[in-house]
Amino acid sequence: MHLPPRVDDQLRIGVAVEVPEPYAALVQAQRARSGDPLARAVAPHVTILPPAVVEPEDMPAVHEHLAAAAAAHRPFVMTLQGTGTFRPVSPVVFVRVQDGAQRCAELERDVRSGPLASALRFDYYPHVTVAHDVPEAAMDEAERAMAAFHATFAISWLSLFHHHEDGVWRRDRTFPLGGGRPPEP
């Protein structure tokens with residue numbers, strides 16, 4: 001995972017749609033079996049905004065922007081099915097977003113604007129990582145192990161994550177999609 005450098009008290013954030021339980025535990029367990037060092041530091045998710053750095057004083061504008069972007073989109077159903085890889089360009093194995101990919105792309109375009117406008121290192125491709133930067137044999141095994149994975153669930157909010165000093169990404173707050181409701185605390 002590419003982490004942009006921070007200066008002074010800047011915050012490192014990311015925005016995602018989370019994979020709910022019981023599916024999240026299955027994805028996380030496979031990521032741990034592959035030896036991925038981020039297995040316990042990153043909750044299973046589909047990235048909407050990759051890691052970005054913001055000034056603390058800009059967070060109210062970021063919150064307002066995310067609330068408006070989320071409200072402009074209706075809740076939707078996502079289906080995860082099968083696997084893929086970005087190899088040889090990037091050492092990643094992932095579960096495919098079968099249904100809901102277009103909705104994620106629309107969210108990504110709206111979120112990555114205004115105070116969060118930025119260029120992407122790679123074209124946006126919604127996916128759920130199951131192995132990253134591990135030996136080839138572990139990546140091959142993760143791809144095989146998750147090939148039959150299938151999950152369907154509702155997406156009704158965006159999650160804002162902060163990257164903490166201990167290397168763990170933690171949800172800071174959620175933003176309901178239009179007509180959606182926030183998760184239970």
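Apart from one condition, Ser90 fits all of (1) surrounded by 14 or more Cβ atoms within 10 Å (Cβ to Cβ); (2) under 25 Å from His164 (Cβ atoms); (3) touching a Phe, Trp or Tyr at 6+ places or on another chain (Cβ under 8 Å); the exception is (1). Any chance the stretch 94-116 includes a residue that's exposed (fewer than 12 other Cβ atoms within 10 Å of the Cβ), of a type in the set (D, E, K, R), modelled with pLDDT of 95 or more and under 19 Å from Val27 (Cα atoms)? No; the residues of the stretch 94-116 include none that is exposed (fewer than 12 other Cβ atoms within 10 Å of the Cβ), of a type in the set (D, E, K, R), modelled with pLDDT of 95 or more and under 19 Å from Val27 (Cα atoms).
Within the stretch 1-105, considering only strands (runs of 3 or more DSSP E) that don't extend past its boundaries, which have at least 1 residues that are farther than 20 Å from Thr174 by Cβ?
45-54, 76-85, 92-99
If the condition is being under 15 Å from the mean Cα position of the chain (by Cα) and either surrounded by fewer than 18 Cβ atoms within 10 Å (Cβ to Cβ) or not small (Gly, Ala, Ser) (or both), then the stretch 124-151 contributes Tyr124, Tyr125, Pro126, His127, Val128, Thr129, Val130, His132. Which members of the stretch 157-171 meet the condition of being in contact with a helix residue (DSSP H, G or I) (Cβ under 9 Å, 6 or more places away or on another chain) and either over 15 Å from Arg12 (Cβ atoms) or surrounded by fewer than 17 Cβ atoms within 10 Å (Cβ to Cβ) (or both)? Matches in the stretch 157-171: Trp157, Leu158.
Would it be correct to say that Ala154 is surrounded by 14 or more Cβ atoms within 10 Å (Cβ to Cβ) and either modelled with pLDDT of 95 or more or more than 22 Å from Asp36 (Cα to Cα) (or both)? Criteria not met by Ala154. In the set (1) at pLDDT below 95; (2) surrounded by 15 or more Cβ atoms within 10 Å (Cβ to Cβ); (3) within 16 Å of the chain's Cα centre (by Cα), the condition left unmet by Gly180 is number (3).
Of the candidates Ala16, Ala25, Ala39, the single residue that is modelled with pLDDT of 95 or more and surrounded by 14 or more Cβ atoms within 10 Å (Cβ to Cβ) is Ala16.
Taking every residue in the stretch 17-29 that is of a type in the set (Ser, Thr, Tyr) and pairing it with any residue that is surrounded by 21 or more Cβ atoms within 10 Å (Cβ to Cβ), at least 6 positions away or on another chain, the pairs with Cβ-Cβ distances below 8 Å are Tyr23/Pro44; Tyr23/Leu80. Among the residues of the stretch 44-58, is any crowded, with 17+ Cβ neighbours inside 10 Å and free of Cβ contacts under 8 Å to residues at least 40 places away in the same chain? No, the conditions are met nowhere in the stretch 44-58.
The values are calculated or read from the model by the stated rules, or taken from the named source; none is laboratory data. Predicted model, so just to flag it, every value in this text is computed and none were measured. Cβ sites come from the backbone with ideal geometry, for glycine too, and all protein chains shown count toward neighbours.
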